[in-house]
Amino acid sequence: MCGIIGILGRGDVAPYLVDGLGRLEYRGYDSAGMAVMEDGAIAVLRTVGTVERLAAMYRGSPVSGAAGLAHTRWATHGGVSDRNAHPHVSCGGEAAVIHNGIIENHAELREELSSKGHAFKSETDTEVAVHLLEEALAAGKGPLEAGMDVARRLRGQYALVFLMRGHPDVILAMRKNAPLLVGLGKGESIVASDALAFIDRTNRVVFLEDDTLALVARDGVRVYGFLGQERPVVVTDLAQELTLPDKHDHEHFTIKEIREQPEAVERVVSQVPGSMTIFRRELEKAKRVFFVAAGTSYHAALLAKRYFSDHMKLYGEVILASEYRGSEQWFDDGAVVVCISQSGETMDVLEAARSAKGRGATVLSMVNRSPSSLEMLSDAVVKLNVGPEVGVAATKSFTAQVVLFYALARGGASEEEVAELKGAMEAALAQEQEIIGVAELVAKGRDVYFLGRGVSYPMALEGALKMKELAYLHAEGLAAGELKHGPLALVDSGTPLVLLNPEDETYAETMSNGAEVKSRGGMVIGFSTAPSPTYDRFVRIPPVRAEFYPVVEAVPLQLLAYHVARLLDKSIDKPRNLAKSVTVK
Ligand code: F6R
């Protein structure tokens with residue numbers, strides 16, 4: 001969360017800051033800001049709202065200079081306001097800071113610094129960092145020693161980047177459990193939370209490790225531990241596959257990503273078999289298996305458990321990443337912990353992975369974005385290979401996760417299986433007009449329920465999650481059999497209920513649940529392979545082997561949420577209050 005970028009260049013870096021920040025906006029879009037070293041002073045522009053708003057502000061009153069910082073915020077401490085937008089500047093304007101993460105001891109530091117005469121201008125946890133740096137610089141310390149002082153005082157997780165008026169040729173960066181990397185260009189260096197910010201300028205990257213400080217200069221970077229010991233600098237050439245995303249002719253990234261799923265599933269199984277083999281070998285040896293994930297990735301984990309159970313006769317427990325502590329006593333050297341994360345940066349998942357590593361367990365991970373913090377701390381990684389997912393709502397990454405788990409559990413997927421899936425997903429996409437009709441009905445209501453059994457149960461959860469985040473409608477996903485244990489009381493005349501009902505072993509029982517709803521006046525929207533008089537509306541699901549239904553059902557569920565959101569005029573690619581990469585607890 002929060003996107004950060006700092007650049008030391010030769011000419012004016014301000015236009016580039018705005019441009020690079022736009023590519024980081026998926027990390028948070030409550031407010032945006034930038035600071036530029038202009039004629040020996042730090043000039044700041046900040047605004048509530050989008051990077052485009054910041055860009056307009058910049059065009060109206062341009063700032064310019066050869067060093068600068070920029071930030072896109074996802075608010076944690078302090079409301080969404082201009083004064084809480086980053087960068088924050090020290091009392092006398094000696095330094096500016098941008099931050100991603102949470103400083104846990106900010107309240108006590110604020111009190112201490114206030115008593116020394118520091119005037120705070122925001123309600124953020126971040127601002128303490130720049131006042132701490134100011135103290136150290138005022139005591140005559142250089143950037144490295146001053147940075148070490150700051151690191152010594154802060155508790156929490158952070159990626160911090162400072163601009164210092166007295167040191168115009170260096171940017172100070174520090175990292176503790178939050179992503180940060182340095183791009184080395186020609187006569188310029190860029191520090192950012194994601195390589196996407198600078199991949200158009202350079203693919204030569206230094207990944208900063210946790211608990212390190214970096215002194216970034218135009219001609220390179222020096223890295224130190226928090227106690228001042230210099231660390232070797234390893235430069236990695238990033239693969240050019242990290243291309244800049246483009247919507248092409250699609251109205252939103254979200255619909256583009258929904259539509260590209262048939263190709264994506266094909267790509268996902270064309271993996272280098274090596275990583276799949278390691279994964280399976282570790283799982284075969286395991287005494288205990290845990291699947292750890294959050295949000296949509298958690299729904300993929302529920303399906304993974306089922307596939308591994310059916311095909312490898314492996315029993316696994318699925319854990320919400322934010323709840324891993326209840327199970328961590330079992331993360332021992334006989335355990336394999338499988339972490340699933342599109343971004344590879346979800347803080348809750350990283351914490352669980354660190355706990356697992358610390359207790360001697362083997363950590364396997366499945367990621368899409370690469371490089372990522374999760375893969376760096378894993379024993380083995382499989383990658384989705386579906387390219388950047390820009391829409392905040394997970395779509396193609398989810399179907400890719402499910403397909404990859406299927407392939408892992410089976411020891412591969414045949415060409416025939418891939419063709420079956422691809423064809424069925426294309427047929428599901430062709431139902432878009434029918435789904436728009438259903439969306440018009442759902443958009444009129446306040447609530448919508450999703451029901452499924454067996455492999456369709458995680459899809460009921462996923463359908464509801466997509467509806468909540470894209471359309472801001474109250475939605476619940478339920479195991480079909482649970483309806484009669486309470487939720488049926490919610491069903492009233494016209495209540496829409498999506499019944500995920502493919503003709504698999506669950507068909508007859510789920511149909512009975514649909515009938516129970518219908519007889520109480522509810523509106524049953526059947527997502528099924530065959531029509532039925534029980535359904536008030538029908539969306540056809542192409543018939544496939546039973547295990548593929550989740551992948552095929554995902555498509556109309558995503559389309560439904562997308563079209564309801566579109567009809568309600570919601571911010572589809574960037575739903576309110578959300579961010580693509582959840583790097584705080
Ligand atoms: C839902 C969504 C979120 C993410 C969750 C985990 O559409 O996008 O629920 O699935 O934040 O993110 P990753 O997979 O990056 O760990």
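Results, tabulated for the structure shown:
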item: Residues that are surrounded by fewer than 24 Cβ atoms within 10 Å (Cβ to Cβ) and assigned to a strand (DSSP E or B), drawn from the stretch 165-178; result: Lys176
item: Residue ID - farthest from Thr277 (Cα to Cα), chosen from residues in the stretch 378-390 that are in a loop (DSSP other than H, G, I, E, B) and within 14 Å of the ligand (Cβ to nearest atom); result: Val390
item: Cβ-Cβ under 7 Å pairs, at least 6 apart or on other chains, the stretch 117-136 side farther than 19 Å from Gly79 by Cβ and open to solvent by less than 40 Å² (accessible area, probe 1.4 Å), far side of a type in the set (Asp, Glu) and at pLDDT 95 or above; result: Leu132/Asp149; Glu134/Glu94; Ala136/Glu145; Ala136/Asp149
item: Single condition Ile199 does not satisfy, out of (1) at pLDDT below 95; (2) out of contact with any Leu (no Cβ under 7 Å at 6 or more places or on another chain); result: (2)
item: Hey, Ala393 open to solvent by less than 10 Å² (accessible area, probe 1.4 Å) and in a loop (DSSP other than H, G, I, E, B) or not; result: yes
item: Unmet criterion (only one of (1) outside any helix (DSSP H, G or I); (2) more than 10 Å from the ligand (Cβ to nearest atom); (3) under 30 Å from Ile102 (Cβ atoms)) for Val289; result: (3)
item: Qualifying residue in the stretch 196-211 (condition: outside any loop (DSSP other than H, G, I, E, B), touching a strand residue (DSSP E or B) at 6+ places or on another chain (Cβ under 8 Å) and surrounded by 23 or more Cβ atoms within 10 Å (Cβ to Cβ)); result: yes
item: Failed item in (1) in a strand (DSSP E or B); (2) open to solvent by less than 10 Å² (accessible area, probe 1.4 Å); (3) not charged (D, E, K, R), with Leu109 passing the rest; result: (1)
item: Options Gly486, Gly454, Gly477, Gly463; residue that is within 16 Å of the ligand (Cβ to nearest atom), closer than 26 Å to Ala301 by Cβ and open to solvent by 10 Å² or more (accessible area, probe 1.4 Å); result: Gly477
item: Residue pairs meeting the criteria (Cβ under 8 Å; at least 6 apart or on separate chains; first farther than 22 Å from Gly142 by Cβ, in the stretch 173-189; second assigned to a loop (DSSP other than H, G, I, E, B) and among the basic types (Lys, Arg)); result: Gly183/Arg201; Gly185/Arg201; Gly187/Arg10; Gly187/Arg218; Glu188/Arg10; Glu188/Arg201; Glu188/Arg218
item: Candidates Gly360, Gly454, Gly437, filtered to the one that is assigned to a loop (DSSP other than H, G, I, E, B) and within 16 Å of Val498 (Cα to Cα); result: Gly454
item: Residue count, the stretch 116-163 (criterion: touching a strand residue (DSSP E or B) at 6+ places or on another chain (Cβ under 8 Å), not in a loop (DSSP other than H, G, I, E, B) and not β-branched (Val, Ile, Thr)); result: 18
item: Options Val349, Val363, Val367; residue that is open to solvent by less than 20 Å² (accessible area, probe 1.4 Å), over 14 Å from the mean Cα position of the chain (by Cα) and either among the small types (Gly, Ala, Ser) or within 16 Å of the ligand (Cβ to nearest atom) (or both); result: Val363
item: Filter result (open to solvent by 40 Å² or more (accessible area, probe 1.4 Å) and either within 24 Å of Val555 (Cβ to Cβ) or touching a Cys at 6+ places or on another chain (Cβ under 6 Å) (or both)) within the stretch 370-390; result: Lys383, Asn385
item: Test result for Ala35, touching a helix residue (DSSP H, G or I) at 6+ places or on another chain (Cβ under 7 Å), under 16 Å from Ile171 (Cα atoms) and buried (at least 24 other Cβ atoms within 10 Å of the Cβ); result: no
item: Criterion violated by Leu320 - all others in (1) open to solvent by 20 Å² or more (accessible area, probe 1.4 Å); (2) touching a strand residue (DSSP E or B) at 6+ places or on another chain (Cβ under 7 Å); (3) within 16 Å of the ligand (Cβ to nearest atom) satisfied; result: (2)
item: Every residue from the stretch 533-577 that is part of a loop (DSSP other than H, G, I, E, B) and more than 24 Å from Ala508 (Cβ to Cβ); result: Leu568, Asp569, Lys570, Ser571, Ile572, Asp573, Lys574, Pro575, Arg576, Asn577
item: Residue within the stretch 544-558 that is modelled with pLDDT under 95 and of a type in the set (Lys, Arg) present; result: no
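Quick grid of which residues meet (1) among the β-branched types (Val, Ile, Thr); (2) open to solvent by 30 Å² or more (accessible area, probe 1.4 Å); (3) not in a helix (DSSP H, G or I):
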{"site": "Ile255", "(1), (2), (3)": "yes, no, no"}
{"site": "Val268", "(1), (2), (3)": "yes, no, no"}
{"site": "Arg280", "(1), (2), (3)": "no, yes, no"}
{"site": "Ala301", "(1), (2), (3)": "no, no, no"}
{"site": "Ser309", "(1), (2), (3)": "no, yes, no"}
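The values are calculated or read from the model by the stated rules, or taken from the named source; none is laboratory data. A quick note: this is a predicted structure, and the numbers were derived from the prediction, not measured. Using ideal geometry, Cβ is built from the backbone for each residue, glycine included, and neighbour counts are taken over all protein chains shown. The protein model used for the area step is the full one, side chains on, heavy atoms only, and it has no ligands, DNA or RNA in it. Shrake-Rupley method; radii C 1.70, N 1.55, O 1.52, S 1.80 Å.
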